[in-house]
Structure formats: C-alpha cells, structure tokens
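Notes follow once the structure below has been shown.
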Amino acid sequence: MEPYEMTAWEARDALLRGEMSALELTRAVQERIEEVEGRVRAYVTLTLEEALRAAREADDRMRRGQDPGGVAGLPMAVKDVLCTRGVRTTCASRMLRDYVPVYDATVISRLRDQGLTMIGKANMDEFAMGSSTENSFFQVTRNPWDLERVPGGSSGGSAAAVAAGEALWALGSDTGGSIRQPASFCGLVGLKPTYGLVSRYGLVAFASSLDQVGPITRDVRDCALLLSLIAGHDHRDSTSLKVEIPDYQAGLGGGVRGMRMGVPVELMGEGLAPGVRSRMEESFRLLEGLGAELEETSLPSLEYALSAYYIIAPAEASSNLARFDGVRYGYRAEGAEDVLQMYGRTRAAGFGPEVKRRIMLGTYALSAGYYEAYYGQAQKVRTLIIEDFRKAFSRYDILLSPTSPTVAFRVGEKTADPLSMYLSDVCTIPVNLAGIPAMSIPCGLDEGMPVGLQMMAPPLQEARLLQAAHALEQALGRRFTAILNGEGGGR
C-alpha cells in the first residue's frame, strides 16, 4: 500500500511507530497530487509549502518525545468555504476569487492546535450551491472512479481529493447533503453532525439554519477521530451547543445487536436505481445478520421535504449573500456611474447562474405578499418533518436509506435540468431540515461506481451512528478504493 492510500489512523500509527516520517508522508501525497491533479482537479488552492512546514514541525515534536497532535503530519483537504488565515478562501466564486481572510474558522483553529497539515483548499459548487461541483467558477472536478462522472457536491473537491489519494481526509460542509452525497459518489465515509455540534464560525454562510461542518474520510474510525477534534461549544457561534463531547472512538466495536432500525418507505420509492436498491437490501440483510432488528416505517412529511428545502435554503441564501456588494471586499465591477449600478454589475458578473437562480427564488419567497404563502408554509412543513423524526426515534435507534437514489452521474448530464439535479438530494435534505446527525458509508457498487447507505440518528447521537456504521463496515470487509488510469476510469 502506498502512503497516500492509508487511512489517517493507519498513517498516524505508522508515524508514531517510526515506520515513516510526517515529511515522507506529506511528500508522497504531494507527488500523488502532481501525478493526478491535472485530471481530477480537486483543488482551488494548494498549500504545499505550509503542509511541508507543518510536517517538519510534527517530526520535530515526535523526535523530542512530545505528542504532535491528533492531525499532525496527516495531509488534509479543506473545503474552500472555510476561512483560513492568510490563505485565500474563494467559495469557488468570482466574487471571492482573491479574498484572503485575516482569521481562521473555529474548526481550522482547533485543528491547527492539533498540528493541522493542510494540503490545499478544495473545489466546490459556488457558495456550496450544487450537487455536482460543476458550478465552480474555476473548474469542474472529476470523480476519481470515472473521470467522465461528477464527484457530487457541493463538497465534491474534498471527496475527490480523498478518493484520489490527494489527501488522507477532508473537511466539508453540508446544507442539504453536501458531505454525504459526495462521500457516496466517491466511495467514502461522510458525516453531517447534529446542527450546533460543530461551530459555524468562519464558515461562509449559505443557509444559516441548515449549514454544518463535518468530516469526509476513508473509514469510520477516521471519521470518529476527526469529529472528536472539531466538535464542541464555541462562544462565537450563537447556535453552538453547550454539550459534553464523548470519545467517539470508544464505542466503535459495540456492534448493532439489539438495535432497532427503521427504513422509511418514502426514501425507498420512485427514482431509486435498481442497483442501488439491491445494495440497500444486501446491507439490510447484513445488519440483520449482525443482530439488528429492521422494519419498514413511514415518515409522511418527507414527501414535502424537497419542496420545503428549496424555499427555506434559497430564502436564507438571499439574505446571506446580500453582503457581497462590491463595497467592502471581494469582486467589484468597474465603470459604474453610481452605487446602484455598481451593485447590479458586480452581482451580475460576480455570481454564477446557479447562485443567481437561488437568490432570485429566495428573494421572491421572502417578498411582500408571498412570504407567508411560501416561506411561512415551508417552515410549517419543516416543523412536521422534525416531529415525524421525533416520533420515529421514539421507536428506532437508527433510520436507514440510500444516500442518493443513483450512483454518480456523468459530467454535463443534469446541468440543463435544475430539477433533476435537485432530486439527487432527495434522501439527504430531510436530515438538514430536522437538524439531526446522519452519515453515508459505502456499501457496494452499481455500474462499477460506489453506492452509499445513509444512517440517521436522534440529535447528539453521533456515537451511536458511528458504532452502527463501523459494524456494517467491518461486515462488508472491504475498502472502496478508486484507481485512476490514463483512460479516465477507476475501480
């Protein structure tokens, strides 16, 4: 196994045993980037010198017998929606193409305290609005399993980097599935934590009541490790929860015997690819063989989740993106005769088509005479969804569904049909509306491409999620690894 193919915990163990140095590992990942980045295009900005410096510091600490930190020497990709002091943060938009923050997001500062080795800022859909990473101002990112397919979105660059060996693990953000769906498409583990468990300070906002930062990793143990390092209260985020953070790795071997698991019929219906359904059924049988009790259940309000989301999220985006006016920072159009013309020209040229589409949808939904008919109704539907999940979790420990109805689709296949693109998130969106934790784990292949199974749990039950996911991962007994070749395929 090449160093860049290791999980983060495998690499950390090798570093602590002295089998390789952090500098050797980081250089191996750097060489991998030089080999494949031209085809995958996972990164907007590479920070190789910073990563090499952090690796040398990790090696120095280990030579002195000191703990180098939980992420020291382990190259990480960071989604380009998280502010990084001194390193540009673009949100994959022309609007922020040259923006360099003067502060770190809380998750970044916490990881820096643990020896963060940031290898680069990963590409994404512009302002996290998309499901394919085709909406970036800079480039289209490709899926390392098949370079003719998308890696998912909006955290597609983060997922592609990990799948291609260009990072050992990554941070993403999830507003309607933007961690879980790329993880599913790229054969990785992705976790959307409980809303408020991980600080949003320094995360450039898309929809503030839905956004959450989380890990994208090669296996469940890595996911547990990274979550434990980024979770916790932050006084700079008014929505941050004051809760004790458990040892997420401690219960990984607990298994699923005696767990009750429900399968919502609303997430197993029309639009589900036959191959995805087969992988779900095989996984369900595996879980039953491990001692879990499974049965179908119904959450009727999920039928309306997609419609509610595409009112609430664009409405919040319309409000959040109003700050990008060309006055204080970011792109400014030249040649305007007055400030209003400058606003219009700046936003027309600075935002891409999908961002404009969602701003217009959200502004309309919030406008006088339509607010209650659209936004007000959508919030009522959200309340019903929260209540349906609450009732379900009074009976079940875990809920199960596909992460996405299909495997990764081809580049350009859905760009002309926004509704078709939006439907790829139909299984993930309800989780964000309810604020509960959920994760995707790879459970097999269809058409030679990875399939993700989604596990959902009650608020703050990430430890339970990780325990169940680890049990299934061990039962599957394989790691899903993309192998790029010169023809653009991978298995």
Lys and Arg at +1, Asp and Glu at -1: neighbours of GLU37 with Cβ under 14 Å from its Cβ sum to +1
Just the Cα atoms of region 303-379, one point each, no solvent: what log10 I(q)/I(0) does Debye give at q = 0.23 Å⁻¹?
-> -0.98
Return the sequence-ordered ³J(HN,Hα) values of region 183-199 in whole Hz as given by the Karplus equation 6.51 cos²θ - 1.76 cosθ + 1.60 applied to θ = phi - 60°, using x for Gly and Pro.
-> 4, 4, 5, 10, x, 10, 9, x, 10, 9, x, 3, 4, x, 6, 10, 4
Env charge @ SER420, Cβ radius under 9 Å, K,R +1 / D,E -1, value -1
Area projected by the alpha carbon convex hull of region 265-308, averaged over all directions, nm² | 3.6 nm²
In whole Hz, with x marking every Gly and Pro, tabulate ³J(HN,Hα) for region 262-269 from phi via Karplus 6.51 cos²θ - 1.76 cosθ + 1.60, θ = phi - 60°.
-> x, 10, x, 5, 5, 9, 10, x
Taking placed amide H atoms and a strict 5 Å upper bound, the residues 5 or more places from VAL87 or on another chain that come that close are none
Assigned charges on the beta-carbon of Lys, Arg, Asp, Glu; region 303-379 dipole about Cα centre (debye) = 220 debye
Round to the nearest 0.05 the FRET efficiency obtained for SER278 and SER298 when R0 = 22 Å and r is the Cβ-Cβ distance.
-> 0.50
Phi angles of region 432-448, converted by Karplus (6.51 cos²θ - 1.76 cosθ + 1.60, θ = phi - 60°) into ³J(HN,Hα) in whole Hz with x for Gly and Pro, give 5, 4, 8, x, 8, x, 7, 9, 10, 10, x, 10, x, 10, 9, 6, x
Reduced Cα scattering model of region 25-153, Debye log10 I(q)/I(0), q = 0.09 Å⁻¹ = -0.27
Work out the P(r) tail for region 129-199: percent of alpha carbon pairs separated by more than 20 Å, whole number.
-> 22 percent
Placed amide H near ALA122: partners under 5 Å, 5+ positions off or other chain | VAL44, VAL78, LYS79, ASP80
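Work out the length of the dipole vector of the chain about its Cα centre, built from +1 on the beta-carbon of each Lys and Arg and -1 on the beta-carbon of each Asp and Glu, and round it to the nearest 20 debye.
The dipole of the chain has a size of about 720 debye.
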Partner lysines for LYS242 [C-alpha distance under 22 Å; skip if fewer than 8 residues away on the same chain] | LYS192
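Would you please give the FRET efficiency between VAL327 and VAL243, computed as 1/(1 + (r/R0)^6) with r the Cβ-Cβ distance and R0 = 35 Å, to the nearest 0.05?
So the FRET efficiency works out to roughly 0.35.
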For region 186-229 and region 23-57, what is the separation of their C-alpha centers, rounded to whole Å?
-> 22 Å
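For SER109, what charge total do you get from the other residues with a beta carbon under 12 Å from its beta carbon, if Lys and Arg give +1 and Asp and Glu give -1?
+1
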Search the structure for amide H atoms under 5 Å from the amide H of VAL411, placed 1.01 Å from N in the peptide plane, and list their residues when 5 or more places away or on another chain.
-> ARG149, VAL150
Which of the listed residues, LEU361, TYR329, LEU340, is farthest toward the dipole's positive end in region 303-379, when Lys, Arg count +1 and Asp, Glu count -1 at the beta-carbon?
-> TYR329
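Coordinate-derived values only; no laboratory data. Bear in mind the structure is a predicted one, so any value in this text is a computation, not a measurement. When we count neighbours, we look across all protein chains shown, and the Cβ atoms used for this are built from the backbone with ideal geometry, even at glycine.
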